[in-house]
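Notes follow the structure.
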Amino acid sequence: MTPSPADPAQDTPPAPAPAPQGFTTELRDALNLRGVLLIVGVLALQLGFVLSYIGAFHAPKPHHIAVAVVAPSQVSGPVVKQLNTLENGPLDARVVATEKQARTLILDRTVDAAILVDPKSTTDTLLVASAGGPAVSSTAQQIAQTIETDRHRQVTITDIRPPAASDGRGMSSFYLVVGWMVGGYLAATILGMAGGARPANLHRTVIRLSSLALYAIVSGLGGAIIVGPLLGALEGHFAELWALGALIVFASAATTVAFQVLWGVIGVGVTILLFVVLGNPSAGGAYPAVLLPPFWRSVGEWLPPGAGTTVVRNTVYFSGNAIAQPLWVLVGYAVLGTAVAVTASALRLRRSQRLAGAQPAGEPVVSRLGTP
């Protein structure tokens, strides 16, 4: 029998294993410059996280807590002067005519508390609305009790708008917004990991933003269901919370996409810096702005976590009063994030088209832009 010809593949000797490289070479390959820079960036974010949270919360102090004073004319002046000249300026007192007016100012978020002085009695009344921030109400109580003790008077506390029984310490608004924010930037980050931090072209940027808009609608619905029908923490405003949730999630996601288009994977770090490192401690959750140090007090209302917490809390507990500014902040992040992402993608596409003439035929231009 004639033997069959040998399979050439069987006669081919196996490729020799690559020769081991020296430790220095292996170290250089394992830790390249880009990797080292990213690790340094993570370290900076980590230390910034510690600095921001402890810096904001380690020593909360009242700063110009707005207080209304209701008292007869012969008493109101000295009381307001006493309150406004306290050491370190913890209060910002003003005279109002009636208790009804004082209650209205508290509920429309113009003031945080009101003192009702009764010259015919040795007991005054402090009105607070702890749903707007339990820490502020507690601080106002402590200050009022100290002042009344110095004046040899007593003070009773009346909470005209407490948080719901199922909303422990009024923190549900903050945690809901944090959850929505995390979902927004994580969804954008995951899409960036799957399809390239920088979308390959303008169409893909629009598709990514559209997908995130759909995600935001579903995410807003889910959050509204959890805090409303499921847990009963924030009841009675289901449609409003759904809409606010969708806006907050999309504002977070669109801003993240914009940063990714501009700076690639570094954009995710910028998002975390703004939304987590700076945004969360200044959002008014654990301590409202009037108890925070100056830096956090000034930036909180211009970042989505703070704007979102304010608009959700005021919608649920204060009939939607004082929500115009935080709403515009959220809309601004959503609109500007979308505009920057689309514009930057269009400019990158135009640049790639200019470079296409200089590319040898067959070389893919898209490789300059990111994942196709």
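Summary table below
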quantity	calculated
Matching residues in region 190-234 - criterion: being of a type outside the set (Gly, Ala, Ser), crowded, with 18+ Cβ neighbours inside 10 Å and under 30 Å from Asp167 (Cβ atoms)	Leu212, Tyr215, Val227, Leu234
Considering residues of region 79-117 that are in a loop (DSSP other than H, G, I, E, B) and without any contact (Cβ under 8 Å) to a residue 24 or more places away in the chain only, the residue nearest to Gly285 (Cα to Cα)	Glu87
Test for Val128: is it over 14 Å from His64 (Cα atoms), in contact with a helix residue (DSSP H, G or I) (Cβ under 7 Å, 6 or more places away or on another chain), modelled with pLDDT of 95 or more and not small (Gly, Ala, Ser)	yes
Residue, surrounded by the fewest Cβ atoms within 10 Å (Cβ to Cβ), within region 41-73, restricted to residues that are more than 22 Å from the chain's Cα centre (by Cα), over 18 Å from Gly284 (Cα atoms) and modelled with pLDDT of 90 or more	Pro72
Wholly enclosed helices (runs of 4 or more DSSP H) of region 186-298 bearing at least 3 residues out of contact with any His (no Cβ under 8 Å at 6 or more places or on another chain) and of a type in the set (Ser, Thr, Tyr)	202-225, 238-263
Check on Pro134, modelled with pLDDT under 90 and under 24 Å from the mean Cα position of the chain (by Cα)	yes
Verdict on Leu116 being under 38 Å from the mean Cα position of the chain (by Cα), surrounded by 12 or more Cβ atoms within 10 Å (Cβ to Cβ), under 14 Å from Asp159 (Cα atoms) and not β-branched (Val, Ile, Thr)	yes
Tally of residues being assigned to a loop (DSSP other than H, G, I, E, B) and buried (at least 19 other Cβ atoms within 10 Å of the Cβ) across region 119-159	2
Only listed residue being over 15 Å from the mean Cα position of the chain (by Cα), modelled with pLDDT of 95 or more and over 28 Å from Arg198 (Cα atoms), chosen from Ala324, Ala283, Ala339	Ala324
Given (1) more than 27 Å from Leu221 (Cβ to Cβ); (2) modelled with pLDDT of 95 or more, number of the condition Phe174 does not satisfy	(1)
Region 291-307 residues that are over 18 Å from Val270 (Cα atoms), paired with ones that are surrounded by fewer than 24 Cβ atoms within 10 Å (Cβ to Cβ) and of a type in the set (D, E, K, R) (beta carbon under 9 Å, 6 or more apart)	Leu291/Lys61; Leu291/Arg297; Leu292/Lys61; Pro293/Lys61; Ala307/Glu301
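Every residue, every condition in (1) farther than 18 Å from Ala334 by Cα; (2) of a type in the set (Gly, Ala, Ser); (3) assigned by TED's automatic domain parsing to the domain that holds Arg313, yes or no:
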residue	(1), (2), (3)
Val136	yes, no, no
Val178	no, no, yes
Ala187	no, yes, yes
Ala213	no, yes, yes
Ala246	no, yes, yes
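The values are calculated or read from the model by the stated rules, or taken from the named source; none is laboratory data. Computed from a predicted structure; not experimentally measured. Cβ: placed from backbone, ideal geometry, glycine included. Neighbour counts: every protein chain shown.
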